[in-house]
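Remarks on the structure that follows.
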Amino acid sequence: MSDRTELRATLLVDPGNDVAYPAYKSWGWSKVGTLTPSWPNSPTFDVLVKELRDDPDDTEQGAS
């Protein structure tokens, strides 16, 4: 994803997926919450994000 222009990527993963979940974590994805889609009988997913690059507008970075 190094050629992407976004600051971060977001994905949903089934928290019970014992294959995909550890792989995402090992690749640097972090859980930031949960989401239950609005369709009937939808499961609840973990929301994972991965920072792709530093935010140039983040004024608090590097502050002492």
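Since every read-out is calculated from the coordinates, none of them should be taken as a lab result. Quick caveat, the model's predicted, so the values are computed rather than measured. Here the Cβ is made from the backbone with ideal geometry for all residues, glycine too, and neighbour counts use every protein chain on show.
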Let me check I've understood the local charge: for Lys31, count other residues with C-beta under 9 angstrom from its C-beta, Lys and Arg +1, Asp and Glu -1. What total comes out?
0
So for the range 8-51, using the alpha carbon gyration tensor with a ≥ b ≥ c as root eigenvalues (a/c under 1.5 gives rounded; past that, a/b versus b/c decides prolate or oblate), I'd call it oblate
